[in-house]
Amino acid sequence: MATTVHDLAHKMAALAVAAVDPERLVRDELQRRLAGRLHAESVLAIGKAAAGLARGVRGIFSGTPRQLLIRPHSSPRILDPGWEQASGGHPIPDRQSAAAGTLLRDWLAGIEPGHTLLALISGGASSCVELPAPGLTMDDLAAAHKALLGSGLPIGRVNAVRKHLSALKGGGALRLVRGKVVVLLLSDVPGDDPSTIASGPFAADPTTYADALQAIESLGAQTTGLDAVHRHLTAGARGELSETLKPGDPALERIDTALIGSVKNAVSAVSGEAWRKWLRAEEGALDGEAAETGRRLVAHGRSMNGDRVVLVWGGETTVTLGPRRGRGGRNTELALAAADALREGAPAGVQELVLALATDGEDGPTRKAGALVDGATWEAVRKAGIDPAEALGRHDSLTALAAVPGALLETGPTGTNVGDLAIYLRLPA
């Protein structure tokens, strides 16, 4: 049976997620390090991929290390009684995030001097485990997270604020440990900066209170209700509060950090499958405003020569929310805008589509993983009684695409998290 363009797109998405399986990535890295006789008395796994990362440690070390796993509520648990487990809110921290933060603080303080901590870090930890800086409450942090999520700010600036509101981020967790720390990172951020992944609990922070204050002030009217946050950052910018851990700090001499996986692995899996199918493949970075990027993806894909083409971008877009807010995430917004671009101007004799995927299976606040659209999707939304242009304008992409059977991607939580993929695919009709 001939492979359709939709079948191939779904296969590429599955291969991308499989390429960043956290269990395999951790196991491969640890087995490589065992040549150096790596041993850890304590193991920590946090973030959306915590359960998979934890499974990668199974059977690696002799004895029974202390083991703690903290994940978002919706992420998979690990069915292993050897792990102490907690969960917290995502994308907005909640009371259980604070309880998890207190648990983590006390657990880290219990590591003996001279002992080694293996820390397995993935995205999502910025909200599921939290400990407010002195003078702030969890309500303050939740309000700040909510404002930042709809701000359109890049993740680096968002995390500059988070780090300066927390006692754990920006190297705060490292300050609690007296022994050596080996950190393995599964990155969900563009550039794979250790100080940005999970807001850098075991990394030096190059940003300052002044940077965080500037980011908050750039939100304008969205800062309503952030008075305590603004006062805290202003005091820090005046030098009245201790800064986060900075490059050159002696504590960094106790840490060994390695990146074990990122969106680049997922992108390579897609382009590798393209070459196996004798398609011309091109890779790139996914960034910018989601709707604009969706149109740009189609334009770039159409500029590629040939009728067997794959363009795959990996990274993270942003969505700047205004007063009109519907339902959707950055991937469904990208897909709906791409559907607008696909509806006319297609090269003759080909079938083309765009697939936008959150590798964790959760596109922003939705329960969907993203969407798959083609040249007929825009009109199908209209025939369902929804104005697609109006839906796009009020960030209601989920409602629009839900009206088209098969447009939305549903995977459930995948157990991994390396950011987003956007794929433009063209085959002969």
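Points to keep in mind about this one:
- Residue order, fewest to most surrounding Cβ atoms within 10 angstrom, among M304, M12: M304, M12
- Checking every one of the trypsin sites (Lys or Arg not before Pro) in the stretch 243-318 against DSSP loop status and a limit of 16 other Cβ atoms within 10 Å picks out K277, R308.
- Convex hull per residue volume in Å³, alpha carbons only, for the stretch 169-285: 144 Å³
- Qualifying trypsin sites (Lys or Arg not before Pro) in the stretch 1-89, where qualification requires a DSSP coil assignment and no more than 10 other C-beta atoms within 10 Å, comprise R37.
- Shape box of the stretch 1-70 [Cα atoms, principal axes, largest first, Å]: 53, 28, 14
- Semi-axes of the equivalent ellipsoid for the chain, computed as √(5λ) from the eigenvalues of its C-alpha gyration tensor and ordered from largest down, come to 38, 26, 17 Å.
- Exposure rule at most 13 other beta-carbon atoms within 10 Å, DSSP loop GluC sites (Glu not before Pro): the chain longest free segment: 1-239
- Förster-model FRET efficiency, 41 Å R0, A429 and R77, C-beta, rounded to 0.05: 0.35
- The 3J(HN,Hα) values that the Karplus relation (6.51, -1.76, 1.60; θ = phi - 60°) gives for the stretch 65-73 are, in residue order, x, 5, 9, 10, 10, 10, 9, x, 3 Hz. Gly and Pro appear as x.
- Förster radius 35 Å - calculated FRET efficiency between R32 and R280 (Cβ-Cβ, nearest 0.05): 0.55
- Beta bridges by DSSP in the stretch 263-428, antiparallel share as percent, to the nearest 5: 75 percent
- Kirkwood hydrodynamic radius of the stretch 311-429, from the reciprocal of the average inverse Cα-Cα distance over all distinct pairs: 14.2 Å.
- For the stretch 351-413, the Kirkwood estimate of the hydrodynamic radius, built from every pair of different alpha carbons, is 11.9 Å.
- Under-5 Å amide H pairs with A133, H placed in peptide plane, nonlocal only: S166, A167
- DSSP beta bridges confined to the chain are antiparallel in about 40 percent of cases.
- Charged neighbours of A356, selected by a Cβ distance under 10 Å, balance to -2 (K, R count +1; D, E count -1).
- Ordering I386, I46 from the fewest to the most neighbouring beta carbons within 10 Å gives I386, I46.
- Highest GNM mean-square fluctuation among T224, T399, T416, for the chain modelled with Cα contacts below 10 Å: T224.
- Sequentially through the stretch 270-286, phi angles give Karplus couplings (6.51, -1.76, 1.60; θ = phi - 60°) of 5, 5, x, 5, 4, 5, 5, 8, 6, 9, 6, 10, 9, 10, x, 8, 9 Hz, Gly and Pro residues having no value and appearing as x.
- Figure legend: label point modelled 7 angstrom from the Cα of K383 along Cα→Cβ; residues of the stretch 315-343 with amide N under 15 Å from it are 343.
Read the figures in this text as sums done on the coordinates, not as results from a lab. Quick caveat: nothing in here was measured; it's all calculated off a predicted structure. Cβ: placed from backbone, ideal geometry, glycine included. Neighbour counts: every protein chain shown.
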